[in-house]
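Student: This is the structure I have questions about; it appears just below.
The values are calculated or read from the model by the stated rules, or taken from the named source; none is laboratory data. What you see is a predicted model; the values in this text were computed from it and never measured. Backbone-built Cβ (ideal geometry, glycine too); neighbour counts: all protein chains shown. The area values use the complete protein model at the heavy-atom level, side chains included, leaving out ligands, DNA and RNA. Shrake-Rupley method; radii C 1.70, N 1.55, O 1.52, S 1.80 Å.
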Amino acid sequence: MNNLIITRLQEELKNLSALDTIKWSIGKYGVKDVAFASSFGAEDQVITDMLIKINPNVSMFTLDTGLLPKETRDLIVETEHRYNIAVEILKPETAAVENMIKEHGASLFYESIEKRKLCCRVRKIEPLKKKLVTLKAWICGLRKEQSITRSDVQKIEWDEAFGLFKINPLADWTEDKVWKYIKDNNVPYNKLHDKGYPSIGCAPCTRAVRHGEDVRAGRWWWETSEQKECGLHVKNIKTASKRKI
């Protein structure tokens, strides 16, 4: 795989709608080799609704870090009941979490960027790696408009960090378009959105934002905007990979 392949695929998907991008993904990789990663944010709920309408057999998974807000846990249950699906729950290794807390304390993420990223790695990235190694592509709810770290998101990218394709059906959607879809289709959403939380992660690392603040200002609010990623969505390097595709 090289840059020319990525460029060709990006051109192929450039003018497709979000719904057609998802259809293309399933047709390209099949239900066994593509899966949807949901954090149960507004964008992810839109994709869930579209996926169910296209093919309910596509695997859907989420990361349970052990620190999710109650509202997020409630939404997982509500979504499963609404769409009659079973979401695969990925959890970190208990021993790894216990060792991290023993060495650095339960609130290590507030102490430094390095310790915050360590927590993200143990609770999110390691469980995710085990899932993604079984796939050829994963579907995500990233949008260009979400933050400075996501301004160059494309509908399809080569994920160098995990060695597979990443599909972003809502890459060019606006926040208004996301919420219009949710309201028009009566899609269930996280009740924290009604309390000033536009972006929701782990409870200790998420707060409500003030009027006029960036939509991700409430995520790791003690860090600068350029640093606000957990490692799940690092900037892609579209170079050759030894992994078979």
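Student: So with the 1.4 Å probe, I'd like the accessible area per residue for the chain, rounded to whole Å².
Tutor: 50
Student: A follow-up question, please. What 222 nm value per residue comes from the helices of the chain, counting each DSSP H run with n ≥ 4 as -39,500 (n - 2.57) and dividing by all residues, nearest 500 deg cm²/dmol?
Tutor: Taken over the chain, the calculation gives -10500 deg cm²/dmol.
Student: Next question. Put Arg82, Arg8 in order of accessible area, largest first, 1.4 Å probe: what do you get?
Tutor: Result, largest first: Arg8, Arg82.
Student: While we're here: I need the phi-derived Karplus couplings for segment 155-162: 6.51 cos²θ - 1.76 cosθ + 1.60, θ = phi - 60°, integer Hz, Gly and Pro marked x.
Tutor: For segment 155-162, the Karplus-derived couplings read 5, 9, 9, 8, 7, 5, 5, 10 Hz, x marking Gly and Pro.
Student: Summarise the long-distance tail of P(r) for segment 100-219 by giving the % of C-alpha pairs beyond 25 Å.
Tutor: 37
Student: Let me ask another. Under 5 Å between amide H atoms, partner at least 5 residues away or on a different chain: which partners does Asp159 have, H built in plane at 1.01 Å?
Tutor: Amide H neighbours of Asp159, under 5 Å, 5+ apart: Leu164, Phe165, Lys166.
Student: Per the 1.4 Å probe, what fraction of the accessible area of segment 46-156, in percent, lies on carbon and sulfur atoms?
Tutor: Within segment 46-156, the accessible surface is 52 percent carbon and sulfur.
Student: Looking at the chain, do any whole DSSP H helices span at least 18 angstrom along their long axis by alpha carbon and average -0.5 or above on Kyte-Doolittle, and which?
Tutor: Membrane-span-like by this rule: 42-54.
Student: So for Lys124, Lys129, what's the accessible-area order with a 1.4 Å probe, most first?
Tutor: Lys129, Lys124
Student: How long are the semi-axes of the ellipsoid equivalent to the chain, from square roots of 5 times the Cα gyration tensor eigenvalues, in whole Å, largest first?
Tutor: Semi-axes, largest first: 26, 22, 19 Å.
Student: Please arrange His81, His104, His211 by accessible surface area, largest first, computed with a 1.4 Å probe and ligands excluded.
Tutor: Per-residue accessible area, sorted high to low, gives His211, His81, His104.
Student: Still on this structure: With label points built 7 Å along Cα→Cβ from the Cα atoms of Glu103 and Arg8, find their separation and express it in nm.
Tutor: Taking the two extended label points, one gets 4.5 nm.
Student: So how strong a dipole does segment 126-192 carry about its Cα centre when Lys and Arg Cβ are +1 and Asp and Glu Cβ are -1, to the nearest 20 debye?
Tutor: 280
Student: Per 5 Å bin from zero, what fraction in whole % of the C-alpha pairs of segment 4-57 is there, up to the bin with the longest pair?
Tutor: Once binned at 5 Å, the Cα pair distances of segment 4-57 give 4, 18, 26, 25, 18, 8, 1.
Student: Ile139's amide H: which non-local residues (gap 5+, or another chain) put their own amide H closer than 5 Å, with H modeled 1.01 Å from N in plane and none for Pro or chain starts?
Tutor: Residues meeting the criterion, in which the H sits 1.01 Å from N, are Ala35, Phe36, Ala37, Ile167.
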